[in-house]
Amino acid sequence: MSRRTPPVAELVERARDGESRAVARLISLVEDESPVLREVMAALAPHAGRAHIVGITGSPGVGKSTSTSALVTAYRATGKRVGVLAVDPSSPFSGGALLGDRVRMQEHATDPGVFIRSMASRGHLGGLAWTTPQALRVLDAAGFDVVLVETVGVGQSEVEIAGMADTTLILLAPGMGDGIQAAKAGILEVGDIYVVNKADRDGVQNVTRDLRAMLALADREPDAWKPPILKTVASRNEGVGEVVEAIEQRLEWMRGSGVLEERRRSRARDEIEAIAMTALRSRFGHLHGDARLDVLAAKVASGSTDPYSAADELISAL
C-alpha cells in the first residue's frame, strides 16, 4: 500500500461516517485492483447487504442520466442517502470514463447525502464495468440507502444489470424509430419497471401500447411481479414520484416473497464464480513455457494422449 493511503480499517470507518473522500478512495482501490483489495472486501463484508440496488438501463438517447438525476432528487426529498455508479464508455487513450456523469449531475455535487462516481466499462460487454460488484459493496457498506447504477447504454446486449440489481428499470422513449426495438433480445425479460421517458413527445401512446402488448406475451407465474409501465418527463421531474413509488412497492414485494434474498444469493454466487475464474485464468496465464505443459503438448502431438486427458492432468497438477 502507498504511504499516502490510510490503513484499510481507517478508510472503512471514515466511509461509514459519511466521508465522500474515503468512499472515493475505496472505489479507486477496487478499480486499480489494489493488493489490499481482499482486505478491503473483508472489512466491508459485515456492513453490506442493506442498500436497495436499482439498475437503470436502456438504449442511448432515452434520458438515462437525466432520469438518474431526477431520481436522486426524489429520494433526497425523502431523506434517503443515495449513491450513484454511472458506467461510461472507456476512452481509447486513457482507459478512463469517456463521459463524466458527475458533470451532468452538478446539482447534486455539493449534497453530502449523495455520492456520484463515473466508472469506465474498459471494454467489458453488458453495459457494466467488471469491478461494479465490488464498487456496489463499497457504497452499500458506506450506509447509502439506495444505490442507482446507470449502465453504459450499449443497447440490446445490455442485460447484465438484471443480475446485479435488486430492481431493474428499463427506459424507452418515443421518436427513436421502432419503440420496442430497444426492448428486444432479452430486455423485455429482465425489466421490473418500464419507464417511457420524454412522454411530452409525439408517439408516446404508440410506444406504451406496443410495450404493453409485448409484456402481455410474457410467460409469468400467477403470483409473479407484474411490471408497471410509467411515463415521465425527467427533464421537468414529471412522473418521477410515481417511479419512486413503484420502486418501493417492488422492494416490499421482494421482501415479502423471498425474491430479494434469492436475488442477493444469486448475485453473491455470480461474484464468487467471477473471482474464482479470474484467479484460475491468472494461474493458467503463467503456464506458457512451463515444463509440464511442454511434456503434455509433446504427448498430444505424438498421439500418445488426447488434449482432453492432457488438460485434466494439467488441472489436477495445479
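The values are calculated or read from the model by the stated rules, or taken from the named source; none is laboratory data. None of these values were measured; they are calculated from a predicted model. Reconstructed Cβ throughout: ideal geometry from the backbone, glycine too, with neighbour counts over all protein chains shown. We work out accessible area using only protein heavy atoms, side chains counted, and drop any ligands, DNA or RNA first. Shrake-Rupley method; radii C 1.70, N 1.55, O 1.52, S 1.80 Å.
At Leu293 and Asp145, where each label point lies 7 Å from the Cα along Cα→Cβ, what is the point-to-point distance in nanometres?
A separation of 5.3 nm, rounded to one decimal place.
Once you list every other residue whose beta carbon is under 12 Å from the beta carbon of Asp270, what net charge do they have if Lys and Arg are +1 and Asp and Glu are -1? Please list the in-between numbers first.
Details: positive: Arg263, Arg264, Arg265, Arg267, Arg269; negative: Glu160, Glu271, Glu273.
That sum, taken over residues with Cβ under 12 Å, equals +2.
Starting from the Cα of Thr305, step 7 Å along the direction of its Cβ; do the same at Asp210; then give the gap between the two resulting points in nm.
5.7 nm
Count the net charge of all other residues whose Cβ sits under 9 Å from the Cβ of Pro174, scoring Lys and Arg as +1 and Asp and Glu as -1.
Around Pro174, the charge tally is +1.
Using each residue's phi in the stretch 248-264, evaluate 6.51 cos²θ - 1.76 cosθ + 1.60 at θ = phi - 60° and report the 3J(HN,Hα) Karplus result to the nearest Hz, with x for Gly and Pro.
With coefficients 6.51, -1.76 and 1.60, one gets 5, 5, 4, 4, 5, 4, 5, 4, x, 9, x, 5, 4, 4, 5, 4, 6 Hz.
Near Thr305, within a Cβ-to-Cβ distance under 12 Å, what is the net charge of the other residues, with Lys and Arg +1 and Asp and Glu -1?
-2
Heavy atoms only, probe 1.4 angstrom, no DNA, RNA or ligands counted: give me Lys64, Lys80 ranked by accessible area, highest first. Write down the numbers at each step before the final one.
On the way: Lys64 20, Lys80 60 Å².
The most accessible residue leads, giving Lys80, Lys64.
At a Cα cut-off below 27 Å, give the lysines reachable from Lys80, other chains included and same-chain residues fewer than 8 away excluded.
Excluding near neighbours in sequence, the set is Lys64, Lys198, Lys226, Lys231.
Keeping all protein chains in the complex and leaving out DNA, RNA and ligands, what accessible area do you get for Val40 with a 1.4 Å probe, in Å² to the nearest 10?
Using a 1.4 Å probe on the heavy atoms, I get roughly 0 Å².
In whole Hz, what ³J(HN,Hα) sequence does the stretch 229-238 give by Karplus (6.51, -1.76, 1.60; θ = phi - 60°), x for Gly and Pro?
So the Karplus estimates, Gly and Pro as x, are 10, 10, 10, 9, 10, 4, 5, 10, 6, 8 Hz.
If you plug each phi of the stretch 59-64 into the Karplus form 6.51 cos²θ - 1.76 cosθ + 1.60 with θ = phi - 60°, what whole-Hz ³J(HN,Hα) values come out, in order, with x for Gly and Pro?
3J(HN,Hα) across the stretch 59-64, in whole Hz: 5, x, x, 7, x, 5.
In what sequence, largest accessible area first, do Met254, Met214 appear using a 1.4 Å probe? Write out the running numbers ahead of the final one.
Details: Met254 0, Met214 70 Å².
So, going from the largest accessible area down, we get Met214, Met254.
To the nearest 10 square angstrom, what accessible area does Lys299 show with a 1.4 Å probe?
Only protein atoms counted, so the area is about 80 Å².
Could you tell me how far the Cα centroid of the stretch 1-78 sits from the Cα centroid of the stretch 243-318, in Å?
When both Cα centres are located, 25 Å separates them.
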